[in-house]
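To keep things clear, I will list the structure first and then write my remarks on it.
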Amino acid sequence: MSEQRGNWTSNAGFILAATGSAIGLGNLWKFPFITWENNGGAFVLVYLLCIAAVGLPIMMAELLIGRRTQKSAVGALKEAVGPAWGFVGLWGVLCGFTLLSYYTVIAGWSLFFFFKTAGWMVGGFPESTSLGQVFTEQSANGGLQLGLSLAFSIATVSVVYFGVQKGIEKIARLFLPILFAILLLLLFTSFAMEGSGEAMAFIFRPSFGELDRGSILEALGHAFFTLSLGMGAMITYGSYMAKHQSIVKASAIIVLLDTVIALVATIIMFTVIFTAGLQDQVSDTGTVGMLFISLPQLFFAEGVVPFGHILAPLFYVLVALAALTSTMSLLEVVTSYVIDEHGIPRQKATLMCGATVFMFTILAALSFGGASFATNLSVPGPIGDLFFAGKTSWFGMADHFVSNWMLPTGGLAITIAAGWVLTREVSESELVDETTPSWFNYSAWRFFIRYVAPVAISVIVVAVIFFGVDFS
Ligand code: TRP
């Protein structure tokens, strides 16, 4: 049995795969926008604090539970903390399933904009084009949406089908360096643009007057999302780790890279926006707008981005790659559960899970006007209000439910498992050995995982229940 189970071929391979899981649409699509909405500076500072005080300790906790048991989410929690905890693992699997079902649709948009911008690169940008309209039309085109998300689903399934070493690790090793290179190139380009100073000030100069309770909670909720925590994804990746790999060191690198990339992406986007003076338009077009409406336009506008017409398709390749290294990790959470707990071979399990998730992706793909039953789907009454904030469409409801309910509750359960149920001996023996870096202090970790993290997450959960704060 243990021979059949995959393992990372090297420490670097594991770190790249886990970093690939963390870096995704959360970094490129969500973080820049919520930073914008919350007026930068102070919000970024709070977010960094959440990453360090809650994200980092939980990253270590998930990896250690996985590596200790060499099992995916459900089996790992059952074995490490007790049979009843299998439900927390199942909750995570369900969360991965739901998140994957709509994440794939946004990933599909990056394919669309890759082809679109590549077309403009070759044929020239038609001046009369309204990108708001381009976006709305493509998202309301049911056939197109189904095609794009099917293409992306097939890509995801193809990777997971080949397993941990030949699929996931290989793709992460290949794509992450490309992703870093493209981002670096864009960052240097943005430094040459006149709006960069303004962008940096917006992101890094805190003005605490702008900060309210909602912003603090939003920062915490996003810390979970961006680090792929709270649903057993890192338990699963940790289960393929070898004993000689340092969990502490790996966690620090993953968290650091994810954070740096989110900031770099934000600097790039804001620089472009400030240079073109498009602040008002961005505020109007919402989350989706920044990545898919404002940016493509700016790449092609005269004198905004040097070599913009070449960088534009490159940029959407970057978005697609970042999304793929996340979708494959999401599918792995679901698939590895089916493999480990139901004894189904990987190839068959991958196809089954991929196909089942796609049923729901169909609903998500048609959520933007493609089909009225999907677009208007809703849960009426107080249940709908509490769990879905009255949102309509599979996409809207799933996104809301995952960010506001599933990740925080799953995360809370995992901190309790790691801090209060798992014994000191177990967690200490996983975290502390000769590979552990000298800055790490086990007692401090234990304090954070037992007190700081659960209290902070409880605040989120209570806020969601009683004040209806929305993190999606
Ligand atoms: N971290 C991913 C992003 O920022 C999203 C995500 C959340 C995720 N949970 C996950 C990805 C679990 C893979 C596995 O886009």
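The values are calculated or read from the model by the stated rules, or taken from the named source; none is laboratory data. Here the structure is a predicted model, which is why all the values come from computation and not from measurement. Neighbour counts are summed over all protein chains in view; Cβ atoms, including those assigned to glycine, are modelled from backbone coordinates with ideal geometry. With ligands, DNA and RNA removed, areas are computed over all heavy atoms of the protein, side chains included. Shrake-Rupley method; radii C 1.70, N 1.55, O 1.52, S 1.80 Å.
Annotations
- Accessible surface comparison of Ile344, Ile383, probe 1.4 Å, protein chains only, largest first: the order is Ile383, Ile344.
- Virtual spin-label span in nm between Lys348 and Asp212, 7 Å along Cα→Cβ: 5.5
- Long pairs among Lys71/Lys348; Lys249/Lys348; Lys78/Lys391; Lys116/Lys391, criterion Cα-Cα beyond 27 Å: Lys249/Lys348; Lys78/Lys391; Lys116/Lys391
- Ranking Asp433, Asp212 from most to least accessible surface, computed with a 1.4 Å probe over the protein chains only, gives Asp212, Asp433.
- Nonpolar atom fraction for the range 1-147, defined as the carbon and sulfur part of the 1.4 Å probe accessible area, stands at 63 percent.
- Heavy-atom accessible area order for Thr327, Thr129, largest first, 1.4 Å probe: Thr129, Thr327
- The chain: angle of helix 11-22 to the longest principal axis, Cα-based, in degrees nearest 10: 60
- Residue-wise HN-Hα couplings along the range 296-310, as the Karplus relation 6.51 cos²θ - 1.76 cosθ + 1.60 with θ = phi - 60° gives them from phi, are x, 4, 5, 4, 9, 5, 4, x, 9, 10, x, 6, x, 5, 8 Hz; Gly and Pro carry x.
- Computed FRET value (nearest 0.05) for Asn376 with Ala444, which takes r as the C-beta separation and R₀ as 51 Å: 0.50
- Sequence ranges 332-341, 28-37, ranked by mean other-Cβ count within 10 angstrom, highest first: 332-341, 28-37
- Between 0 and 90°, nearest 10: helix 142-161 axis offset from the chain longest Cα axis: 40
- Taking 0.36 nm per residue of sequence separation and removing the Cα-Cα distance, the Asp280/Thr136 pair yields an extension gain of 49.9 nm.
- Packing order of peptides 350-363, 47-60, 438-451, highest average first: 47-60, 350-363, 438-451 (average count of other Cβ atoms within 10 Å over each peptide's residues).
- Loop GluC sites (Glu not before Pro), the range 365-472 (other Cβ atoms within 10 Å of the site Cβ: 16 or fewer; DSSP): Glu434
- Residue-normalised accessible area of the chain, expressed per residue, 1.4 Å probe, Å²: 37
- Nearest 10 degrees, 0 to 90: helix 86-123 Cα axis against the chain principal axis: 30
- At full extension, Phe115 and His244 could sit 42.1 nm farther apart than now, given 0.36 nm per residue minus the alpha carbon distance.
- From phi via Karplus (6.51, -1.76, 1.60), per-residue ³J(HN,Hα) for the range 415-423 in Hz, x at Gly/Pro: 5, 5, 4, 6, x, 10, 9, 5, 6
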